[in-house]
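Chemist: So that we are looking at the same thing, I have put the structure below in structure tokens.
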Amino acid sequence: MDKRWAEGHTNAIQLHAELQALGYRGSYQIISDYLRPRRRRRIRVVPPAPPGVRRVAGWMMRHPERLGDEERERFAVVLAHCPELKALHAHVRGFAEILQSRSGQHLKDWVAATRTADLPRLHAFATGLEKDWDAVVQGLSTRWNSGPVEGRVNHIKMIKRQMFGRAKLPLLRKRVLLTAAQGGHPHPLCP
């Protein structure tokens, strides 16, 4: 039985059946008890699961200095195993640099570099940027943006969703004006 175990046959039921065919008259429980210590020694340490798509995307989108040591190491292993992901990461970091430094004048060079890479999704992103080129370059070059206005619009939409089916424009108007007077919070008890 030790020979069969060494060959990789570890199923006690199968080993018991083979022994019975050779004339063994003992019970299955004896075989199972005999194999139990061997099974405990064979417990394999399972390596950690590879990181999921969302985790890798999160590592890619964060500034490298904001990654912990373990995250940085795991990300480096992922990049080492996938050259396409490594190329994508280089382009994402390049775009992030343009965004952070507000150097929209370098966007044309970045788009040209992405066209040389074999990354179809990145090509689609670059094509989307080109559709409204002047606005994108302006947005990446100046400190002015429509963030506060967009935030206010989203806030009004949230208030409207809260009132769904309850009232029309007059109540919406009163609630929007009330929240604006309270500093933007939809309810007096909200922090």
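Chemist: With charges only on Cβ, +1 for K and R and -1 for D and E, what is the dipole size of the chain about its Cα centre, in debye, rounded to 20?
Modeler: 1060
Chemist: Take a quick pass over the chain and tell me how many lysine pairs come in under 22 angstrom between Cα atoms, counting only ones 8 or more apart or on separate chains.
Modeler: So the count of such lysine pairs works out to 6.
Chemist: Can you give the relative contact order of the chain as a percent, counting alpha carbon pairs under 8 Å and 6+ residues apart?
Modeler: It rounds to 10 percent for the chain.
Chemist: Along its three principal axes, how long is the chain when you only count alpha carbons? Whole Å, largest extent first please.
Modeler: 90, 53, 30
Chemist: Next question, about the same structure. Ignoring everything but the protein chains, give the 1.4 Å probe accessible area of T127 in square angstrom, nearest 10.
Modeler: The value for T127 is about 60 Å².
Chemist: Once both labels are modelled 7 Å past Cα along the beta-carbon direction, what's the L169-Q20 spacing in nm?
Modeler: Here the modelled spin labels are 8.4 nm apart.
Chemist: Give me the extension gain from K3 to A80: residue separation times 0.36 nm, minus the current Cα-Cα distance, reported in nm with one decimal.
Modeler: Gain in length upon complete extension: 23.6 nm.
Chemist: Could you work out what % of the accessible surface of region 50-191 is carbon and sulfur, using a 1.4 angstrom probe and leaving DNA, RNA and ligands out of the count?
Modeler: C and S atoms contribute 60 percent here.
Chemist: Does region 1-43 classify as rounded, prolate or oblate by the C-alpha gyration tensor (a ≥ b ≥ c root eigenvalues; a/c under 1.5 gives rounded; else a/b over b/c gives prolate, otherwise oblate)?
Modeler: Cα axes put region 1-43 in the oblate bin.
Chemist: Provide W5, W133, W144, W59 ordered by accessible surface of protein heavy atoms (probe 1.4 Å), highest first.
Modeler: Final ranking, largest accessible area leading: W144, W133, W5, W59.
Chemist: What three numbers, in Å, describe the spread of the alpha carbons of region 81-144 along their principal axes, ordered from the longest?
Modeler: Projected onto its principal axes, the Cα set of region 81-144 covers 40, 22, 15 Å.
Chemist: Stick to the Cα atoms of region 13-81, pair each with every other, and give me the Kirkwood hydrodynamic radius in Å at one decimal.
Modeler: 16.4
Chemist: Continuing with this model, one more query. Could you tally the net charge around H63, taking each other residue with its Cβ under 14 Å from the Cβ of H63, Lys/Arg +1 and Asp/Glu -1?
Modeler: +1
Chemist: With springs only between Cα atoms under 10 Å, which of L107, L88, L19 fluctuates most in a Gaussian network model of the chain?
Modeler: Result: L19 has the largest fluctuation of those listed.
The values are calculated or read from the model by the stated rules, or taken from the named source; none is laboratory data. The shown structure was predicted, so the numbers you read here are calculated from the model rather than taken from an experiment. Cβ: placed from backbone, ideal geometry, glycine included. Neighbour counts: every protein chain shown. With ligands, DNA and RNA removed, areas are computed over all heavy atoms of the protein, side chains included. Shrake-Rupley method; radii C 1.70, N 1.55, O 1.52, S 1.80 Å.
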